[in-house]
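To start, the structure under review is shown below, and the notes come after it.
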Amino acid sequence: MKTIDILIIGAGISGAVLAERYANKGKKVLILEKRNHIAGNCYDYVDENGILVSKYGAHLFHTNNEMVWKYVNRFSEWYPWEHKVIARVDEKTVPIPVNITTVNTLFDTSISTEEEMNNWLEENRIPFSNPSNGEEAVLNRVGQVLYEKMFKYYTKKQWDKYPAELNASVLERIPVRNNYDDRYFSDSYQALPKGGYTQMFEKMLSHPNITILLGTDYFDVKEQYKNFEKIFYTGPVDRFFEFKHSLSEQLEYRSINFVSETHDCEFFQENSVVNYPGMEVDFTRIVEYKHFGNQKSDKTTIVKEFTVDEGEPYYPVPNPRNQEIYAKYKEEADKLVDVHFVGRLANYKYFNMDEAFKNALDLFEMLESNNYKTAG
Ligand code: UDP
C-alpha cells in the first residue's frame, strides 16, 4: 500500500472538504467510507423515473458566507433556487415560515401591511425574553394557536419529543415573517448544484492523491490502518469511543425512513416540499423531487419522510441531557491530539450544509496555517 499521510473516516461534506484540501497540499489521503457511495447524506442519483432524487432527503444549499460560496463554486455550477415550503393545516394550504398569507388563510383575517402583521403578532405572541426551550421560542414568536397548529405535533413526529423538550435553537431555525416573503431561507446565496451533489463530490475527490475505499467500516479495519499524520473522524462521536458511557446515558439520534412512491402523473403536489404538521398522518413531509430544477419525466417520484429512532443516525437531538452526555465524549475527544472530530455527527451538532463546509475549511486552516504541528 502506498504511504498515506491523512486518514479520513466518512466521505460526506466534512470528509470531502478535508480530503480535497490535503490532497491539493500534496498529502496522500485515504478515505474509508462505510456506505457504498460518496457524498454522505447529500448523495443523489437519477432514479427509475429519470428524476434526480436525494437518497437522504432534500438538501437545499443556502449561505451568507462568501468564502463557502466561492469554495463550492469551484466544484460545480449552481443554479439559483429559492426554496419554498407549504404546509397542509386544517385542510388548508399555507406558507411556512409563517407570513401574512399564513395568518390570513388560517384565521380569515385581511392583514395587508407589515404594521398590521406586527400588530397581529404582538396580540398573539406570549413573550419570553430569553426562551429556554422550543415551546417558549415558538410561543414568543407566534403565540399559542399557531404553535398548536404548525409546530407542536410536527416536532413530536420529527423528534419524538415536544418542543418543550428541545433547545430553543431547534425551533428558532425557522423565522417568522411580517410580510409576504414565502421563501424558506433568507440567505444571500440560495442555489442547487447543476448535475447534483454526487457529481460535485466526485469532482472534489477526483485527485490522484485521494484513495477512497467504499463499503469499509473503519471499526472493522482499524487495526490495519495505523500511523497517520492525522485522522479526521466524521462519524458519530459515541461510536468512536465504543459507547463507553453507560446505557442510561446514550446519546440520542433521529433517523428517517424514506418511503418512495411513483405516480403516473405530471405532478403529485404543487410544491417540492409539503409539510404535514398535524397528527392525522405519521409522516412529517412529502418531497417531490421533480420540482427541483424543473425536471421533466412522464412520471413523478414522491418521498414520504417518517422520522424514527432506529436506523442510521441523521440528526443529533439538541437538548440539555444530550449536551451533557456529549460534553463527556468531547472531553475524551479533546485528549486525542492527532484525531480530529469534524461534522454533524462527530460534533453532535445540528448544523446546515454551509456550516459543515465552513467548519471543515476552518479546521484545515487552523491546523495548517498556525504551525499547529503534531508529533509524527
Ligand atoms: N418545524 C415545525 N413545523 C414545520 C417545520 C418545522 O414544527 O412545519 C420545527 C421542527 O421541530 C423542525 C424544526 O422546526 O425540526 C426545524 O425545521 P427545519 O425545516 O429547519 O428542519 P430540517 O430541514 O433539518 O428537517
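The values are calculated or read from the model by the stated rules, or taken from the named source; none is laboratory data. The structure presented is a predicted model; accordingly, all values stated were derived computationally and were not measured. Positions of Cβ are generated from backbone atoms using ideal geometry, with glycine treated the same way; all protein chains shown enter the neighbour counts. What goes into the accessible areas is simple: the full protein's heavy atoms, side chains included, and nothing from ligands, DNA or RNA. Shrake-Rupley method; radii C 1.70, N 1.55, O 1.52, S 1.80 Å.
Remark: for residue pairs LYS149/LYS328; LYS34/LYS244; LYS194/LYS226; LYS70/LYS349; LYS84/LYS244; LYS25/LYS335, the C-alpha separation exceeds 32 Å in LYS149/LYS328; LYS194/LYS226; LYS84/LYS244. When the alpha-carbon atoms of the range 1-60 are used, the pair Rg, Dmax equals 14.1, 43 angstrom. Of the solvent-accessible surface of the range 259-351, computed with a 1.4 Å probe and all protein chains present, 49% belongs to carbon and sulfur. For ILE31, nonlocal amide neighbours, meaning residues 5 or more places apart or on other chains whose placed amide H falls under 5 Å from its own, are ILE8, THR211, ILE212, LEU213.
The orientation-averaged shadow of the Cα convex hull for the range 268-376, equal to a quarter of the hull surface, comes to 11.3 nm².
Once you keep just the Cα pairs under 8 angstrom separated by 6 or more residues, what percentage relative contact order results for the chain? Worked out over the chain, it gives 25 percent. Highest mean packing comes first when the peptides 231-240, 267-276 are listed by Cβ atoms within 10 Å, giving 231-240, 267-276.
Which of these, LEU361, LEU336, LEU213, has the largest mean-square fluctuation under a Gaussian network model of the chain (Cα springs below 10 Å)? Greatest mean-square fluctuation among the candidates belongs to LEU336.
Taking 0.692 mPa s as the viscosity and 37 °C as the temperature, the Stokes-Einstein diffusion coefficient of the range 196-262 based on its alpha-carbon Kirkwood radius rounds to 205 µm²/s.
With a ≥ b ≥ c the root eigenvalues of the C-alpha gyration tensor of the range 302-361, is it rounded (a/c under 1.5), prolate (a/b larger than b/c) or oblate? Oblate is the answer for the range 302-361, as a/c is 1.5 or above yet b/c matches or exceeds a/b. Highest average first, the peptides 100-112, 279-291 ordered by how many other beta carbon atoms sit within 10 Å of their residues are 279-291, 100-112. Backbone geometry of the range 279-291 corresponds, through the Karplus equation with coefficients 6.51, -1.76 and 1.60 at θ = phi - 60°, to 3J(HN,Hα) couplings of 8, 5, 10, 8, 7, 8, 7, 10, 10, 10, 5, 4, 5 Hz, x marking Gly and Pro. Take every DSSP beta bridge whose two residues both sit in the chain; close to 65 percent of them are antiparallel. Over the C-alpha trace of the range 78-139, radius of gyration and Dmax come out as 14.2, 42 angstrom.
Close amide H pairs (under 5 Å, H built 1.01 Å from N) link LYS84 with TYR184, residues at least 5 positions away or on another chain. Across the chain, the convex hull enclosing all Cα atoms gives 157 Å³ per residue. In order along the range 94-107, phi translates into HN-Hα couplings of 9, x, 10, x, 4, 9, 4, 4, 4, 5, 4, 5, 7, 10 Hz, rounded to whole numbers, per the Karplus curve 6.51 cos²θ - 1.76 cosθ + 1.60 with θ = phi - 60° and x for Gly and Pro.
A 1.4 Å probe run over the protein chains yields, for the range 74-231, 49 Å² of accessible area per residue, whole-number rounding.
Here the convex hull built on the C-alpha positions of the range 89-187 has a volume of 99 cubic angstrom per residue. Taking amide H as placed 1.01 Å from N in the peptide plane, TRP78 has its amide H under 5 Å from the amide H of LYS194, each at least 5 places away in sequence or on another chain.
Can you bin the range 1-101 into rounded, prolate or oblate? Criterion: square roots of the alpha carbon gyration tensor eigenvalues sorted a ≥ b ≥ c, rounded for a/c under 1.5, prolate for a/b above b/c, oblate for the rest.
Details: a/c = 2.93, a/b = 1.99, b/c = 1.47.
Prolate, because a/c is 1.5 or more and a/b exceeds b/c.
For the range 158-245, a Kirkwood radius taken over Cα pairs fed into Stokes-Einstein (20 °C, viscosity 1.002 mPa s) yields D = 115 µm²/s.
Please work out whether the range 188-347 counts as rounded, prolate or oblate from its C-alpha gyration tensor, where a ≥ b ≥ c are the square roots of the eigenvalues and a/c under 1.5 means rounded, while otherwise a/b larger than b/c means prolate and anything else oblate? Intermediate values should be presented prior to the final figure.
Details: a/c = 2.55, a/b = 1.47, b/c = 1.73.
Oblate shape, in that a/c is at least 1.5 and b/c is the bigger or equal ratio.
For the range 190-266, which GluC sites (Glu not before Pro) pass both filters: DSSP loop (anything but H, G, I, E, B) and at most 10 other C-beta atoms within 10 Å?
GLU223, GLU242
Computed from backbone phi, the HN-Hα couplings of the range 17-31 come to 4, 5, 4, 4, 4, 5, 4, 6, 8, x, 8, 8, 10, 10, 10 Hz, rounded to whole numbers (Karplus: 6.51 cos²θ - 1.76 cosθ + 1.60, θ = phi - 60°; Gly and Pro given as x).
When the helices of the chain are scored as -39500 (n - 2.57) per DSSP H run of n ≥ 4 and the total is divided over every residue, the value at 222 nm lands at -8000 deg cm²/dmol.
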